[in-house]
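Enquirer: Take a look at this one; I'll ask things after.
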Amino acid sequence: MIQTKGYATDSPEAKFHPWAFERRDVGPHDILIDIEYAGICHSDIHAAKNEWEAMMPTTYPLVPGHEIVGRVSQVGDAVTKFKVGDVAGIGCFVDSCRECPPCKEGYQQFCQKMAAYTYSGTYMDRVTPTYGGYSDKYVIDENYALKVTSDGDLAGVAPLMCAGITTYSPLRRFGAGPGKNVGIVGLGGLGHMGVKLAAAMGANVTVFSTSPSKEADAKALGAHNFVVTKDPANLESLAGTFDLILDTVSADHDVNMYINLLGVRGTLVVIGVPPNPNVVHSFGLIFGNKSIAGSLIGGIPETQEMLDFCAKHDIKSDVEVIKPDYIETAYDRTVRSDVRYRFVIDMKNA
Ligand SMILES: [Zn+2]
Ligand SMILES: [Zn+2]
């Protein structure tokens, strides 16, 4: 077994502490990644505090982290995709059944036997717990690791593994590109990636935000327009003008106001999870053949496509790099949206 140093929490109220555990030995198809950076995703916070107990109860001790980047330090005999020294990434899952229709089609996140999530889950033996990227090593089958070819500092690459693919996938699926009007609701960890990616795809990008103070940032990230949503008058002239709107907001809000902004056959994609159900007015959808869609991360092929796109267009997340002893504070600040735009834990010096 491989001795691993991680940072764990033992209950919803507990604090993170250093924790030693073991990962499996490197098998024929495995690679060992020496983790350099792990992003802090809002899901980590929900898991640490067991806030999604009804859907996915947290298994403690919990080592979160599914935005992982590091260097390959060992490869199994049968590995072909990686060699020692390569930069590799890990996203939200580390294995799946490989046989069901979603797995075969490359949508492993929807594995019918349930994928092995990167933390707070089990491997496909359904016994061995998974521990995430707030740790110094990860052993993973090469088919579930991503190749990273981005140049330079890797801290900004880590958040691509979740925030990047979460926004890239619906932008591609609904045709963001030249001549398309794309709206991004909320300028946080997801929203800032959505702006960068949609702009790089050639779309005309508008940010919708409640904070007028974010306008300069939005434009610097690549947005062409910025709309403060607190005043409904700002939205009236935009009715019927958007092809696609990504709604990243996880607080309760009225989606009908965004449906109204869609043009004929436009789509509103929800990727945030507000606590309460939304009430949708059917007339708003019917008049204009409009759609509401959801989207969850991406499978391995599309995640790799996203990473290659980001390498080509030099896209990374804007990050604040922290040490592990700052995790608690970083969680508090993330909950307050006091980060531009993602905390990343430096695991190579931890
Ligand atoms: Zn995430
Ligand atoms: Zn499957």
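The values are calculated or read from the model by the stated rules, or taken from the named source; none is laboratory data. Worth saying up front: this structure is predicted, and the values here are computed from it rather than measured. With ideal geometry, Cβ positions are generated from the backbone for all residues, glycine too; neighbour counts draw on all protein chains shown.
Enquirer: Can you tell me which residues in segment 1-55 are at pLDDT below 95 and in contact with a helix residue (DSSP H, G or I) (Cβ under 9 Å, 6 or more places away or on another chain)?
Expert: Listed by number, the residues that qualify are His42, Glu51, Trp52.
Enquirer: Based on this model, can you work out whether Ala239 counts as surrounded by fewer than 17 Cβ atoms within 10 Å (Cβ to Cβ), assigned to a loop (DSSP other than H, G, I, E, B) and hydrophobic (A, V, I, L, M, F, W, C)?
Expert: yes
Enquirer: Does Lys196 satisfy the condition of being touching a helix residue (DSSP H, G or I) at 6+ places or on another chain (Cβ under 9 Å), among the basic types (Lys, Arg) and free of Cβ contacts under 8 Å to residues at least 40 places away in the same chain?
Expert: no
Enquirer: Determine whether segment 111-128 contains at least one residue that is away from ligand 2 (no atom under 16 Å from the Cβ), in contact (Cβ under 8 Å) with a residue 60 or more places away in the chain, within 22 Å of Met55 (Cβ to Cβ) and part of a helix (DSSP H, G or I).
Expert: Within segment 111-128, not a single residue is away from ligand 2 (no atom under 16 Å from the Cβ), in contact (Cβ under 8 Å) with a residue 60 or more places away in the chain, within 22 Å of Met55 (Cβ to Cβ) and part of a helix (DSSP H, G or I).
Enquirer: If you scan segment 102-117, which residues turn out to be within 16 Å of ligand 1 (Cβ to nearest atom) and either within 15 Å of Pro61 (Cβ to Cβ) or among the aliphatic types (A, V, I, L, M) (or both)?
Expert: Ala115, Ala116
Enquirer: Another one. Tally time: how many residues in segment 16-59 are outside any strand (DSSP E or B), surrounded by 14 or more Cβ atoms within 10 Å (Cβ to Cβ) and of a type in the set (Lys, Arg)? Don't jump to the end; show me each part of the working.
Expert: Narrowing segment 16-59 to residues outside any strand (DSSP E or B): 16, 24-29, 40-59.
Checking which are surrounded by 14 or more Cβ atoms within 10 Å (Cβ to Cβ) leaves us with 16, 26, 29, 40-52, 56, 58-59.
Subsequent filtering for residues that are of a type in the set (Lys, Arg) retains 49.
Of the residues in segment 16-59, 1 are outside any strand (DSSP E or B), surrounded by 14 or more Cβ atoms within 10 Å (Cβ to Cβ) and of a type in the set (Lys, Arg).
Enquirer: A follow-up question, please. Report the residue count in segment 86-110 for those that are near ligand 2 (Cβ under 6 Å from one of its atoms) and either assigned to a strand (DSSP E or B) or among the small types (Gly, Ala, Ser) (or both).
Expert: Looking only at that region, the number is 1.
Enquirer: Read through the list (1) within 30 Å of Ala330 (Cα to Cα); (2) in contact (Cβ under 8 Å) with a residue 40 or more places away in the chain, then give the number of the only condition that Lys180 fails.
Expert: Just one mismatch for Lys180, condition (1).
Enquirer: Return the residues of segment 306-350 that are without any contact (Cβ under 8 Å) to a residue 24 or more places away in the chain and within 27 Å of Ser169 (Cα to Cα); say none if nothing qualifies. Can you show your working first?
Expert: To start, the set of residues in segment 306-350 that are without any contact (Cβ under 8 Å) to a residue 24 or more places away in the chain comprises 312, 325-326, 329, 332-333, 336, 338.
Listed by number, the residues that qualify are Lys312, Arg336, Asp338.
Enquirer: So, one more: Going residue by residue through segment 69-85, is there one that turns out to be part of a strand (DSSP E or B), within 26 Å of Glu328 (Cβ to Cβ) and either touching a Leu at 6+ places or on another chain (Cβ under 6 Å) or within 16 Å of ligand 2 (Cβ to nearest atom) (or both)?
Expert: The answer is yes; a qualifying residue exists.
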